[in-house]
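I have placed the structure first, in the form of structure tokens, so that the comments after it can refer back to it.
The values are calculated or read from the model by the stated rules, or taken from the named source; none is laboratory data. Owing to the predicted nature of the structure, the values given are computational and were not obtained by experimental measurement. Positions of Cβ are generated from backbone atoms using ideal geometry, with glycine treated the same way; all protein chains shown enter the neighbour counts. For accessibility, only protein heavy atoms count, side chains too; no ligands or nucleic acids. Shrake-Rupley method; radii C 1.70, N 1.55, O 1.52, S 1.80 Å.
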Amino acid sequence: MRIALVVSSLMVFGCAGTAPSEQSPAAPPVDLGQQWVKHAAEYRAITRQVYGRATAALPAFIEDPNWSALPQQEDAGDLPPAVILDVDETVVSNVDFQLSFEPPFANWKLEAWTSSTVATPIEGVREFVETARNLGVTVFFVTNRPCELKEGNPDPCPQRQTTIDDIAEVGIETDADHVFLSEERGWTREKVTRRLFVAERYRVLMLVGDDYGDFIPCMRSSPRAPCTEAATAEDRLAALDEYADYWGNGWYILPNPMHGSWTSFD
Ligand SMILES: [Mg+2]
């Protein structure tokens, strides 16, 4: 019955249609990931859920001197507490950039867009940071926005101030001592080096991000120093079990179906 109905409706519309040469160009395919982040209440519910759970867990992690969210960190009980957040799709939403930029992606395009627009917060982040700071926790931001020289600008990393401004635009004040980009101080896009830099002076209570790289070292298809080997899709799945104790317990991952290191794995 259903097939018959479809056929008859095709016949009706077929008679009234225009010749292929007169049809308007096909609409570009809709990116469901972008549409979901932009429009779905479910997406916002998840980010609120993630930050809500992280906020609720802060006191217990502060109280436990043996706790660190970094598997590599030991004997940090005497250090002051800190949390490390990624920036894009963790603190600020770039969905409107994703919906509007002319491919291919380039860092300068994102930088130009973030410089000329007011940043949109990921829901829940402002309350989380406010609570953390009220509890005496220092907040660091580790982003893979890169430092790139700009013509006529003597600043070796003008993108740092852009990033600080974006974070301020969502209601979180910070400064250059707490925002670490890639390609500065010899750092690469591999974030583990920057996490360990924080861990020299702080006990890291939590990691918050939207990409495996915000939590686990050497999970990229194209390794960056200090990693030497490319990860495989199997490695990434194995890490789910390897770090099972951390997900939702010191590690708080937000959804990002639009971009990320996952896109280079089949
Ligand atoms: Mg991110």
Subject >> Residue-averaged [θ]222 nm for the chain, counting only DSSP H segments that reach four residues, each worth -39500 (n - 2.57) >> reply: -11500 deg cm²/dmol
Original post:
Working out 0.36 nm times the residue gap between E148 and N107, then minus their Cα-Cα distance, what length gain in nm do you get to one decimal?
Top reply: 13.9 nm
Subject >> Long-range Cα-Cα pairs in the chain (distance over 32 Å), rounded percent >> reply: 30
Subject >> Ranked by how many other beta carbons lie within 10 Å on average, peptides 78-84, 134-140, 40-46 from highest >> reply: 78-84, 134-140, 40-46
Original post:
What residue among R133, R48, R189 has the largest mean-square fluctuation in a Gaussian network model of the chain, using Cα springs under 10 Å?
Top reply: R133
**OP:** For S100 and D75, compute 0.36 nm times the residue count separating them, minus their Cα-Cα distance, and round to one decimal in nm.
**Re:** 4.3 nm
Subject >> Most mobile listed residue (L32, L58, L205) in the chain, GNM with C-alpha springs under 10 Å >> reply: L32
Subject >> Given charges at beta-carbon only (K, R positive; D, E negative), |dipole| of the range 37-192 in Debye >> reply: 380
**OP:** Name the most mobile residue of L70, L207, L237, meaning the one with the largest mean-square fluctuation, in a Gaussian network model of the chain with Cα contacts below 10 Å.
**Re:** L237
Original post:
How far is it, in nm, from the label point at D245 to the one at S221 when both lie 7 Å from their Cα along the line to the Cβ?
Top reply: 3.3
Original post:
Once you charge only the Cβ atoms, +1 for Lys and Arg and -1 for Asp and Glu, what is the size of the charge dipole of the chain about its Cα centre, to the nearest 20 debye?
Top reply: 500
Original post:
Considering the zone a paramagnetic label at S115 would reach in this model (a point 7 Å from Cα along the Cα-to-Cβ line), which residues of the range 138-162 have amide N under 16 Å from it?
Top reply: 145-162
**OP:** Express the carbon and sulfur contribution to the solvent-accessible surface of the range 31-264 as a percent, rounded to the nearest whole number, probe 1.4 angstrom.
**Re:** 52
**OP:** Under 10 Å from the Cβ of P255, count the other residues' Cβ atoms, weight Lys and Arg +1, Asp and Glu -1, and hand me the total.
**Re:** -3
Subject >> Stretch gain in nm, segment E42-D165, where the contour uses 0.36 nm per residue and the Cα spacing is subtracted >> reply: 41.5 nm
Subject >> Counted charge near V125, where neighbours are those whose Cβ lies closer than 11 Å (Asp, Glu -1; Lys, Arg +1) >> reply: -3
Subject >> Among T162, I122, A57 the positive-end extreme of the charge dipole of the chain (Cβ point charges) >> reply: I122
Original post:
With the other protein chains left in place, how much accessible area per residue, in square angstrom, belongs to the range 136-213 at a 1.4 angstrom probe?
Top reply: 39
